[in-house]
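Q: Starting off with a structure, shown below.
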Amino acid sequence: MIKMRLDYYYKLIKEVEDLEIDTSTPSKLRKTLIELKRKKRILKRLKKKVVEDIRDIEVGYLIKRIAIRREIEDYEANPSLLKKLAGKDSHTLRLKVLKKIEKDREARIKPYNEIREKINKLINDIDEIIKQPSKGRI
């Protein structure tokens, strides 16, 4: 589902990037400005969704951290079981597992951060385009 959602985000961004800017006549300029404003609204909604997805990933990560801490605490209550399972002390085991899930978290969040940066850039670009014609013909 995450892959599908990322693909959808990229598709929407591509549509905004492919928008043709036509300022050849006043009516085409107005239509272009209306379309740019519509695309900007879409990008803002998309950005909210991306931020929500990042937040969901973060929450999942925190839940995993809590579960790992509880698991390690259970092993600490029975040290012989811990040594049989890992051959290491609980602190080393915890660090190893937490590093692994941290890497997974970073890998999952990275594409969302890239999308968010791209959205911010597009919104800024749209704002600049909207400002330019308004100084001239409209």
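The values are calculated or read from the model by the stated rules, or taken from the named source; none is laboratory data. Everything numeric in this text was worked out from a predicted model, so none of it was measured. Here the Cβ positions follow ideal geometry from the backbone for every residue, glycine too, while neighbour counts run over all protein chains shown.
Q: From the list K84, K48, which residue is at pLDDT 95 or above and either surrounded by 11 or more Cβ atoms within 10 Å (Cβ to Cβ) or not aliphatic (A, V, I, L, M) (or both)?
A: Criteria check complete, one pass: K48.
Q: Y61 - would you say it is of a type in the set (S, T, Y), in a helix (DSSP H, G or I), closer than 24 Å to E106 by Cα and out of contact with any helix residue (DSSP H, G or I) (no Cβ under 7 Å at 6 or more places or on another chain)?
A: Against the criterion (of a type in the set (S, T, Y), in a helix (DSSP H, G or I), closer than 24 Å to E106 by Cα and out of contact with any helix residue (DSSP H, G or I) (no Cβ under 7 Å at 6 or more places or on another chain)), Y61 does not qualify.
Q: Please find, among L98, L93, the residue that is surrounded by 11 or more Cβ atoms within 10 Å (Cβ to Cβ), among the hydrophobic types (A, V, I, L, M, F, W, C) and modelled with pLDDT under 85.
A: Only one candidate qualifies: L93.
Q: Further, regarding this structure: Of all residues in region 1-24 being of a type in the set (S, T, Y) and modelled with pLDDT of 90 or more, which is surrounded by the fewest Cβ atoms within 10 Å (Cβ to Cβ)?
A: Y8
Q: On the basis of being at pLDDT 80 or above, of a type in the set (A, V, I, L, M) and either within 15 Å of L36 (Cβ to Cβ) or more than 24 Å from the chain's Cα centre (by Cα) (or both), does I130 make the cut?
A: Judged against the criteria, I130 is a match.
Q: As an exercise: evaluate E117 against (1) at pLDDT 70 or above; (2) surrounded by 14 or more Cβ atoms within 10 Å (Cβ to Cβ); (3) not β-branched (V, I, T) and give the number of the one condition it does not meet.
A: If we test E117 against (1) at pLDDT 70 or above; (2) surrounded by 14 or more Cβ atoms within 10 Å (Cβ to Cβ); (3) not β-branched (V, I, T), just (2) comes out false.
Q: State which residue pairs qualify: first residue closer than 16 Å to E114 by Cα and inside region 43-67, second residue outside any helix (DSSP H, G or I) and at pLDDT 95 or above in any location, beta carbons under 6 Å apart, and separation of 6 or more residues or different chains.
A: If the second residue must be outside any helix (DSSP H, G or I) and at pLDDT 95 or above, no pairs are left.
Q: So which residues in region 3-31 are in contact with an Asp or Glu (Cβ under 8 Å, 6 or more places away or on another chain) and in contact (Cβ under 8 Å) with a residue 12 or more places away in the chain?
A: Passing the criteria: R5, L19, L29.
Q: Here's something else I'd like to know. Consider S27 against the criteria (1) touching a helix residue (DSSP H, G or I) at 6+ places or on another chain (Cβ under 8 Å); (2) among the hydroxyl-bearing types (S, T, Y); (3) surrounded by fewer than 16 Cβ atoms within 10 Å (Cβ to Cβ): it satisfies all of them except one. Which criterion is unmet?
A: It fails just one condition, (1).
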